[in-house]
Structures are given as structure tokens and as C-alpha cells.
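The next block holds one structure in the form of C-alpha cells; read it before the comments.
The values are calculated or read from the model by the stated rules, or taken from the named source; none is laboratory data. On a predicted model such as this, the values are computed, not experimentally measured, just so you know. Cβ sites come from the backbone with ideal geometry, for glycine too, and all protein chains shown count toward neighbours. Only protein heavy atoms, including side chains, enter the accessible area calculation; ligands, DNA and RNA are left aside. Shrake-Rupley method; radii C 1.70, N 1.55, O 1.52, S 1.80 Å.
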Amino acid sequence: MIVLIPSYEPDQRLPQLVADLGGASPVVIVDDGSGPDYAAIFAECERRGATVLRHQVNRGKGAALKTGFAYLAQVFPGEPVVCADSDGQHSPVDILRVAAALDDSGPDMVLGARLFTGRVPLRSKVGNGITRQLFALATRRKLIDTQTGLRAYPARLIPWLLEVPGDRFEYELQLLLRATAEDQDIREVEIATIYLDENASSHFRPLHDSALIYRQLISFVGSSLLAFVLDTSVLFAGVALTGNVTGSAIAARVVSGGSNYAVNRWWVFRNGSAKAPLLPSLLRYAALAASILVANILLLHALLAATGSLLVAKVVTEGTLFAASFLIQRAVVYSCKKRAGSLHDDRIGASFRESVDASADLTAK
């Protein structure tokens, strides 16, 4: 089991963590562009037995993790990895417990889950609570801690880890969203909730990084609101002109559906520079749209009869179908699903070379 630690501007807690692990596992640290002021700390980690990989500039936690994964695939092929943070939030005991919960025949990933009891900074408690609820809404799966940085992965998953988009804090949530969509086995192990100095050493920027983390869900909301406006406008115009609710609903869905498909494929569910294949995703979207259309019409008629208000019926109908539509589109319609076992070793090498070429100066002791 390899311990991988992405680090940006650490303090003395990082070399202490290396020492506390006591050689139980090889430790690989990625210096994510901390600069010369922190060179002594990383040199001390090397003296205590860690391997340090270096980015010349700060590229983000996701990029640092990918540099580490690519290095491990080349230097430690077949070895599982446990990822930990460098700010003292993860004790050596918990790191080893999470690592021990993983084996070759076990889960796809193990999360070190904090219960957020005791003295927890308000921004951390609120932020984790919001993310947990949004994650459950989007995936219909409840996890105790969606923002934990203490995670263990088997070796077979490393190619997959290199494929998931994201370079900063959003990367770890993207991993969970993708893993949930692919029905991977995610297990949680309870760990201590540790915040030192009110989490002053954290480099998480609440507004900027939260926007990155929630980008896909926020973008989907925006795309859906645009479709809702188009759909509602065409529906009301159609009913006013023809008096036919069913025909107007079908016409409205065709207009709004076409724009919604294009926006979602080009922006919301785009994986980096890769988009879902046009024809397969279009056929899947059409099948989903037809299914939702049937449900939409049935609910619309039922609620119109019950409330007597077309506006109320429309709002309630769309709200009811929103969560199901997001989940199915993300997991099925725009999926470019690739399980780790289907990827070739040359993809690992390509990802490793990309990390090196993108100014990663890999220095092994």
C-alpha cells in the first residue's frame, strides 16, 4: 500500500506525518508548486524516507493527485494507494485503518468518513452538510462525508482515476459522482474529525472552489431553467392558440428538448475536452425525453384537474421530474463509461508523460 499526499505550502505537520507512518508504507508526496520558501520542509520529508514529486507551479489538488497516480502506475505497478492530506487532519492510525479496509477482492474505493462531531469550524460543517445533501439529491445515494481527502483505491482503479476530469478541489467530488454513476462499490470507514487552528492551513477557497465543486449541478439547473422557460412559453402559446393541452405539451417538449440536449452535451456533462458521442447520446436522450414526456403529460393532466391551475401544475410537474432527469442524463445519456479493467497500459504511460510534460519535475530519492 502506497501513501500518496498532495501538498501545497505545508507546515511541519507534513514531515511529522511521514515520521509517524514509520516506514509502514512507502510515502509519495506531490509538491504542488509551493515554491522555494517550502523547499526545506519537503527536503526534510525526503530525509525521513518519502519520495517527493514537484510541480513548478501550482496546478491544483486534482492535478497533484493525477501526477501521483501516474507515477505510481509506472514505479509501483499493481500496488494499491491510500491518499491523505498534508494538513494534519488525517492521523497515521486512521490512514492505516482506511488502507486496511481495502484488499484486491474488496471495494472499488474506501472513504475515511468524518462524523463532524465536537468542535468543527462553521464553514466546514455547513459546507460539508450542503455538499452531502446535494450529492444525495443528485445521485440518490447517501454518503457520510463527500469531501474527505482520505481515500484508498485498489491498483486496478488507477487508470480510471487518471481518466476522470478535474484539476482542483472539484476532482474528488467528480470521482464520487462518476463512481456512483458506474455503480462502483464505495465503502466508508469512520475516522476522527480533526481540525487544527480552526482549519487555518486549508487552501480551500469557499466561493471559488465551491463553484467548481458544484459546477455540474449548477450548470444543470441553469440548463433546465432555460428549457423550462422555452417549454412553458411554447406550452402557453399553444394552449392559447389551439386549446389542446396534449398537443401543446408535445410541441413544447420538442422545442425545449432540442436546446436542452445541445446545452447539456456541449457544456453540462462534458468531460474536459471530450463530449459524449453524438448519435448514441442523441438516441439515449430521445428515449429519456419520450419517457419523461409521457410522465409529464400524465402528471400535468392529473395536477391540472386537482388544482385547476396550469401554472401550478407545470411547476410541480417539472420539479418532480428534475432530479430523475439529472441522474439519468449524467449516468446514462452522456456517459462515456470506461471501467478500469478495459483500459490499456499505454493510457497510463500517456497520462504519466502528460504530467511530466506539463512541468512536473519528478524527483525520486
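The numbered conditions (1) open to solvent by less than 20 Å² (accessible area, probe 1.4 Å); (2) modelled with pLDDT under 65; (3) not polar (S, T, N, Q) are all true for HIS203 except (1).
Within the stretch 312-325, the set of residues being open to solvent by 60 Å² or more (accessible area, probe 1.4 Å) and either under 16 Å from ALA251 (Cα atoms) or without any contact (Cβ under 8 Å) to a residue 12 or more places away in the chain (or both) comprises VAL312, VAL315. So which residues in the stretch 63-84 are surrounded by fewer than 23 Cβ atoms within 10 Å (Cβ to Cβ) and either out of contact with any strand residue (DSSP E or B) (no Cβ under 9 Å at 6 or more places or on another chain) or not hydrophobic (A, V, I, L, M, F, W, C) (or both)? TYR71, GLN74, PRO77, GLY78, GLU79, PRO80 - these are the residues of the stretch 63-84 that are surrounded by fewer than 23 Cβ atoms within 10 Å (Cβ to Cβ) and either out of contact with any strand residue (DSSP E or B) (no Cβ under 9 Å at 6 or more places or on another chain) or not hydrophobic (A, V, I, L, M, F, W, C) (or both). Residues in the stretch 101-123 that are open to solvent by 10 Å² or more (accessible area, probe 1.4 Å), among the small types (Gly, Ala, Ser) and modelled with pLDDT of 90 or more: ALA101 only. The set of residues from the stretch 20-35 being touching a Pro at 6+ places or on another chain (Cβ under 8 Å), buried (at least 17 other Cβ atoms within 10 Å of the Cβ) and among the acidic types (Asp, Glu) comprises just one member, ASP32.
Residue count for the stretch 149-168 satisfying the condition of being in contact with a Pro (Cβ under 7 Å, 6 or more places away or on another chain) and open to solvent by 10 Å² or more (accessible area, probe 1.4 Å): 1. Suppose we filter LEU17, LEU53 for residues that are in contact with a Leu (Cβ under 9 Å, 6 or more places away or on another chain), crowded, with 20+ Cβ neighbours inside 10 Å and either basic (Lys, Arg) or closer than 24 Å to TYR153 by Cβ (or both); which single one remains? None of the others qualify; the one that does is LEU53.
Need pairs with beta-carbon distance below 6 Å; first residue closer than 18 Å to ARG168 by Cβ and within the stretch 29-43, second open to solvent by 50 Å² or more (accessible area, probe 1.4 Å) and outside any loop (DSSP other than H, G, I, E, B); sequence gap 6+ or separate chains. Here the result reads ASP31/ARG54, each pair linking the stretch 29-43 to a residue that is open to solvent by 50 Å² or more (accessible area, probe 1.4 Å) and outside any loop (DSSP other than H, G, I, E, B).
Given the structure, is LYS337 closer than 26 Å to ILE218 by Cα, at pLDDT 75 or above and among the basic types (Lys, Arg)? So LYS337 does not fit the description; no.
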